[in-house]
1. Specify which of the listed residues (GLU322, GLU273, GLU302) is buried (at least 18 other Cβ atoms within 10 Å of the Cβ) and outside any strand (DSSP E or B).
2. In segment 75-109, which residues are of a type in the set (D, E, K, R) and crowded, with 18+ Cβ neighbours inside 10 Å?
3. Just checking, does segment 292-306 include any residue being more than 42 Å from the chain's Cα centre (by Cα), in the same structural domain as ARG365 (by TED's automatic domain parsing) and among the polar types (S, T, N, Q)?
4. Can you tell me which residue within segment 83-105, out of those that are outside any strand (DSSP E or B) and of a type in the set (D, E, K, R), is nearest to the ligand (Cβ to nearest atom)?
5. Only residues that are assigned to a strand (DSSP E or B), more than 10 Å from the ligand (Cβ to nearest atom) and not hydrophobic (A, V, I, L, M, F, W, C): list them for segment 71-82, please.
6. Among helices (runs of 4 or more DSSP H) lying entirely in segment 345-443, which contain 1 or more residues that are surrounded by 19 or more Cβ atoms within 10 Å (Cβ to Cβ), of a type in the set (S, T, N, Q) and in contact (Cβ under 8 Å) with a residue 40 or more places away in the chain?
7. For segment 29-70, which residues satisfy the criterion of being in contact with a strand residue (DSSP E or B) (Cβ under 7 Å, 6 or more places away or on another chain), within 16 Å of the ligand (Cβ to nearest atom) and part of a loop (DSSP other than H, G, I, E, B)?
8. Got at least one residue in segment 117-131 being more than 24 Å from CYS430 (Cα to Cα) and crowded, with 20+ Cβ neighbours inside 10 Å?
Amino acid sequence: MKMIIEAHLVDDVGQTERIELATISCELTTDPLGMSLAEGKALLSHVQQYLVKLQCQSIASAHAHCDQCNARLTMKGWHTRQIRTVFGTITVRSPRVRHCRCMEKAPGASFSPLARVVPTSVTPELEYLQAKWAAHLSYATATRLLSETLPIADAISVSGAKRRVRAVATALEQTFAHPEKQETELQQPSWLPPITALAVDSGWLKHCDPPHHQGRHVNLVVGRTCFEGGETRLYGYVHNQVPSAANRLDLFLSACGVSQTERVTIFTDGAAEFEKAVKGSLRPMCRILDWFHIAMKFRAIEQTALKDPGLQAPNGRSMRDELASCKWLVWHGKARKAVARLMRMHDAFGLVPEERFRTLSWNLRQTFWYLRTNDRYLVNYARRRNKKLPISSAIAESAVNEVVGWRMAKKRQMRWSDEGAHLLAQVRVCELNGELRPRAFAFPQRQPRPANDPKWDGYLMLTAAA
Ligand SMILES: [Zn+2]
C-alpha cells in the first residue's frame, strides 16, 4: 500500500488543478514509523516549490495594470530569480514590465514587480533561523544542524550564515544609530520596572591576525541592567567599533525605557574606558567600584602571603589577620586606612630580596594603587548590603561569560576580528534578550487585481518555470 499526498489548487474563477506532492510507502514495517525525515523534507520542499511559484505569479499578475490610470502595462522580458526559503531554494521566472506612460519615466524604463515585493533573495524567516543558530553555535555547526532538519541543503552555507549575521547585526546597529526606530524594529517592551543597577565589564578574545597585531586581543564590553523584579537585559560591543561608548550607554538605557532623569547606579572595575563612558553620559549616574574586583585583588595577595603561614605583618599581627582586617576596612567604607596599612606592608616586604616577596609586594602594590586611584568610587559596601542594594558587578562578569563564553570561546582556540566579534555580539545579545525576530519585508500596498481581467496571459507563464 502507498499513500499519495495531493494538493488541489482552486483559482479565482473556480478552476481546479491537482498536483501530486509525495508518494509515501505504507509497508507494514516500523522502520521508520511514520514519515522518514527525508520524506518529510521532500514533501515540504515540494509544497514550497508550488506555493512560492503561485505567489510569485499572483504578484506579477497584480502588477498587470498601472496603479494610477489602470492602463495595461507592457512586458519587456523575463529573467530567472532564486529565492532561498526555509524549505529550499526556489527558482522562479520573474517578468520585467515597462512603466506606464502616465509615470513620466524615460521611454522604455522598466521594473520588476517581484523585486518590489520580495526585495531580498533570502526570506526573513531563513535569515532569522541562520542568524539565531549562528548566535548559539559555530557557523559550521549551525549550518549542519539546519540542513539536517530542513530541506535547505541547497539554500544555506557557512559563508551564507556569516552574511546573514552581518545583515541582521547591521540592521540592529541601525536602530542604535536611529534610536527613534527602536520602538518598532526591536519590538521593545513598552514598560519595564525601575532599574536597580547597571554593571559593565569587559572580556578579551584572541585576535585573528596576530602577525599584524602582536599580542592584540579583541576587547568586548558587555553590560547588564537589572530591574526591580529580577528582569535583566544585556548589551555588548567591541570597544573600537563604536564611535562613543558614552553614547552607546545612553542609547541602551533609552532602549530599556529608563527616563532621562532617572539616576542610574553603574558598577564597573577600574578600567579607564568605563570612566570615559560614565563621564560622557548625559544621564545622572553614580559609579561604584564593584566589590567583586576588589575581593579578587585581596585574594591574589592572600594566595601569595599564605604560602608561608607564619608570615607576620610589620605591626606584628599574622598576615592572615592583617589582610582580613584591611579587606573589612574597605568593606565598611574606610579604604584610606586600608590603603595606608597595605602600603606599610608593601614597603616592608619590598625590601626583602627574595622571589616570593617580590610577587607579594607586587600584589600589594597593585591593590593599594587600585584602591587609591578609584578612591572616589568606593562606598560603604556593608551598608549597601544591609539595605539589600547591589554591591558587585559579578552580574556583569556573568554577562560577559554568557555573551562571550561558549559561543565566542574565551577558552577555545577561536580567533576574531574586531568587526566580526562586534557584529556577532549584536545578534547574540539580541537573541539572549529574547528580542530577535525575523525582519519584515517592506510590502508595498497593492491594489487588488482588476476583476475584469482575472488572468493576464503573459504572467501566467511563470508557473512553467521548473
Ligand atoms: Zn498609468
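1. Working: GLU273 fails: buried (at least 18 other Cβ atoms within 10 Å of the Cβ); GLU302 fails: buried (at least 18 other Cβ atoms within 10 Å of the Cβ).
When all the criteria are applied, what remains is GLU322.
2. Of everything in segment 75-109, those that are of a type in the set (D, E, K, R) and crowded, with 18+ Cβ neighbours inside 10 Å turn out to be ARG84, ARG93.
3. Taking segment 292-306 first, the residues more than 42 Å from the chain's Cα centre (by Cα) are 305-306.
With the extra rule that they be in the same structural domain as ARG365 (by TED's automatic domain parsing), the set shrinks to 305-306.
The next check asks that each one be among the polar types (S, T, N, Q); those that pass are none.
Looking through segment 292-306, none of the residues is more than 42 Å from the chain's Cα centre (by Cα), in the same structural domain as ARG365 (by TED's automatic domain parsing) and among the polar types (S, T, N, Q).
4. Here is the first cut: in segment 83-105, the ones outside any strand (DSSP E or B) are 86-87, 99-105.
Keeping just the survivors that are of a type in the set (D, E, K, R) gives 101, 104-105.
Working: ARG101: 7, GLU104: 10, LYS105: 11 Å.
Result: ARG101.
5. Of all residues in segment 71-82, those assigned to a strand (DSSP E or B) come to 72, 75-82.
Narrowing further to those that are more than 10 Å from the ligand (Cβ to nearest atom): 75-82.
Passing the criteria: LYS76, GLY77, HIS79, THR80, ARG81, GLN82.
6. Working: elements: 355-373, 381-386, 394-404, 418-432.
Ranges flagged: 355-373, 418-432.
7. Passing the criteria: HIS63, ALA64.
8. Yes, because at least one residue in segment 117-131 is more than 24 Å from CYS430 (Cα to Cα) and crowded, with 20+ Cβ neighbours inside 10 Å.
The values are calculated or read from the model by the stated rules, or taken from the named source; none is laboratory data. These numbers come from a predicted model, not from an experiment. Every residue, glycine as well, gets a Cβ built from its backbone with ideal geometry; the counts of neighbours run over all protein chains shown.
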